[in-house]
Amino acid sequence: MPEKNHWLKNLYPGYFAMTMATGIISVGLFLHGNILLSNSFMVVTLSTWLIWFFLYTWRLIKYPKTVWDNLIDPKTTFVFFTFVAATNLCGVLLHQRGYPSFAMLCWFVAFSYWAILMYLSFTALCFAHKEREVNIMHGGWLILIVGTQSLVLLGTKVAENFGEYAAYMMVEIHMLWALGIIFYAVLVTLFCYRIFFKTMTVEDCSPFMWVIMGAAAISANAGTRLLLTDPVIPMLAELHAVVQLMSIMLWTWATWWIPLLVIMGVWIHGYKKIPLTYNPMQWSIVFPLGMYAVATNNLALSSQFTPLLFLANSMLWVACAAWIILALAFIKAFFIDQFISVNNNLD
C-alpha cells in the first residue's frame with residue numbers, strides 16, 4: 001500500500017524559488033510605479049513563503065532522513081539556498097511598505113540559515129561527493145550566489161536602521177558582495193568547462209541553467225544597490241569605482257547568456273522534441289528574468305543611462321508573462337492532476 005503522504009516525502013526541496021520569482025516581480029512592478037499590481041504579487045509572495053515554510057517544516061519533522069539526504073547530496077544541497085533568497089525578498093517588500101523591523105528580522109533569519117548552510121553544503125561537497133568529477137555540477141549550484149547576494153540587497157535597505165552600527169553593516173554587506181562574486185567566478189568557470197568540454201545530454205540542459213544568468217544579474221543588482229546606498233565611511237566610498245565597473249561587467253555577462261539559453265531551449269524542445277511539461281525547477285527561469293529586469297533598472301539609475309529603463313520595463317513584462325504561464329501549469333500539476341488522481345484511486 002502506498003504511503004499516504006508520499007507527495008510530502010518527495011516534495012521538491014527548492015520550491016522557495018516560486019516565492020523568489022513572485023517577489024522579484026513585485027519589486028520590479030513597485031520600481032515602475034505599478035503599486036496595485038505589485039501589492040498583489042507581494043501578497044502571493046508572503047503567502048507562498050508561509051505555505052512552503054509550513055510544508056518544509058512538516059517534511060523535516062516527518063521525514064528527517066529524507067531531508068538530511070537532500071542536504072548532503074551535492075545534486076540538491078545548494079537548492080536549499082532558495083530559502084535565503086526568498087526570505088530576503090520578503091524583507092525587501094516589507095521594507096518598501098514601511099516595516100523596517102520585520103525586514104531586519106528577515107535579514108537575520110536569512111543570514112543565520114545562510115551561514116549554517118554555507119558550511120554544511122561545502123562539507124557535503126568535500127566528503128559526500130562520491131563521483132569526484134565535474135559532471136555532478138549543474139546550474140543550481142549557483143543558487144548559492146543568489147542567496148549570498150540577496151543578503152546584500154536587503155542589507156542595503158536595513159543598514160540605516162542599525163544607527164551607530166550602520167558602518168559595520170555596510171562593511172559586512174560589501175564583504176558578502178565580494179564573496180558572492182568570488183564564488184561566482186569559481187563556479188561559473190567550472191560550469192563553462194562542464195558544458196563546453198564535457199558530454200552534454202538533454203537532461204543536463206535543465207531550467208537550472210538560467211540560474212547562471214540570474215546569479216550574474218543579482219550580483220550586478222547588488223552592486224548597483226551598494227552604489228545607490230550611503231557608504232557611511234570613506235573607505236567604502238573609495239570602492240565605488242570598482243563596484244561600478246564590476247556591476248557593468250556582471251550585467252553584460254548576464255545579458256550575453258540570454259540568447260544562448262534561449263537557443264538551448266529551442267534545441268531541447270524544438271530539435272530534440274522533448275515535450276514542454278511542468279517542472280518545479282522552471283521557477284528558476286522566472287526569477288532570473290525578473291532579476292535581470294530589476295538589475296537593468298537599477299543600473300540605469302546608478303549610471304544615469306536612462307535608455308536602459310526601456311529594456312528593464314520590457315523584460316519585466318516578459319517575466320510577468322512567464323510567471324502567469326508557470327503559475328497556471330503549477331495549479332494544474334499540483335492541484336487538478338492530483339485531484340483527478342485521487343478520484344481515480346477511489347473509483
(request) Within the range 5-55, work out how many residues are of a type in the set (A, V, I, L, M) and crowded, with 20+ Cβ neighbours inside 10 Å. (result) 10
(request) Give the residues of the range 108-136 that are touching a residue at least 60 places away in the same chain (Cβ under 8 Å) and of a type in the set (A, V, I, L, M), sorted by residue number. (result) 134, 136
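Please work out if residue 195 is surrounded by fewer than 20 Cβ atoms within 10 Å (Cβ to Cβ) and either among the β-branched types (Val, Ile, Thr) or not in a helix (DSSP H, G or I) (or both). Please lay out each step first, then the result.
Values: surrounded by fewer than 20 Cβ atoms within 10 Å (Cβ to Cβ): yes; either among the β-branched types (Val, Ile, Thr) or not in a helix (DSSP H, G or I) (or both): yes.
Yes, satisfied.
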(request) Determine the pairs where a residue that is assigned to a helix (DSSP H, G or I), located within the range 55-78, has a partner that is of a type in the set (Ser, Thr, Tyr) and crowded, with 16+ Cβ neighbours inside 10 Å with Cβ atoms under 7 Å apart, the partner being 6 or more residues away or on another chain. (result) 70/76; 71/77; 77/121; 78/121
(request) Run down 220, 237, 185, 241 and say which single residue is crowded, with 20+ Cβ neighbours inside 10 Å and out of contact with any strand residue (DSSP E or B) (no Cβ under 9 Å at 6 or more places or on another chain). (result) 220
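Okay, residues lined up against (1) of a type in the set (Lys, Arg); (2) in contact (Cβ under 8 Å) with a residue 12 or more places away in the chain; (3) farther than 17 Å from residue 167 by Cα; (4) in contact with a Ser or Thr (Cβ under 8 Å, 6 or more places away or on another chain):
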{"residue": "200", "(1), (2), (3), (4)": "no, no, yes, no"}
{"residue": "206", "(1), (2), (3), (4)": "no, yes, yes, no"}
{"residue": "215", "(1), (2), (3), (4)": "no, yes, yes, no"}
{"residue": "220", "(1), (2), (3), (4)": "no, yes, yes, yes"}
{"residue": "247", "(1), (2), (3), (4)": "no, yes, yes, yes"}
{"residue": "252", "(1), (2), (3), (4)": "no, no, yes, no"}
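Given the structure, is residue 121 closer than 22 Å to residue 194 by Cβ and either modelled with pLDDT of 95 or more or buried (at least 18 other Cβ atoms within 10 Å of the Cβ) (or both)?
On the way: closer than 22 Å to residue 194 by Cβ: yes; either modelled with pLDDT of 95 or more or buried (at least 18 other Cβ atoms within 10 Å of the Cβ) (or both): yes.
It is true that residue 121 is closer than 22 Å to residue 194 by Cβ and either modelled with pLDDT of 95 or more or buried (at least 18 other Cβ atoms within 10 Å of the Cβ) (or both).
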(request) Select from the range 56-81 the residues that are in contact with a helix residue (DSSP H, G or I) (Cβ under 8 Å, 6 or more places away or on another chain) and loosely packed, with under 14 Cβ neighbours inside 10 Å and write down the one among them that is farthest from residue 297 (Cα to Cα). (result) 62
(message) Here's a check for you: in the range 320-344, which residue that is more than 17 Å from residue 8 (Cβ to Cβ) and modelled with pLDDT under 90 is surrounded by the most Cβ atoms within 10 Å (Cβ to Cβ)?
(response) 332
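Is it the case that residue 135 is modelled with pLDDT under 95, surrounded by fewer than 17 Cβ atoms within 10 Å (Cβ to Cβ) and in a helix (DSSP H, G or I)? It would help to see each step written out before you state the result.
Values: modelled with pLDDT under 95: yes; surrounded by fewer than 17 Cβ atoms within 10 Å (Cβ to Cβ): yes; in a helix (DSSP H, G or I): yes.
Considered against the rule, which asks whether it is modelled with pLDDT under 95, surrounded by fewer than 17 Cβ atoms within 10 Å (Cβ to Cβ) and in a helix (DSSP H, G or I), residue 135 comes out as yes.
The values are calculated or read from the model by the stated rules, or taken from the named source; none is laboratory data. What you see is a predicted model, and the numbers here were worked out from it, not measured in a lab. Don't worry about glycine lacking a Cβ; one is built from the backbone with ideal geometry, like all the others, and counts go over all protein chains shown.
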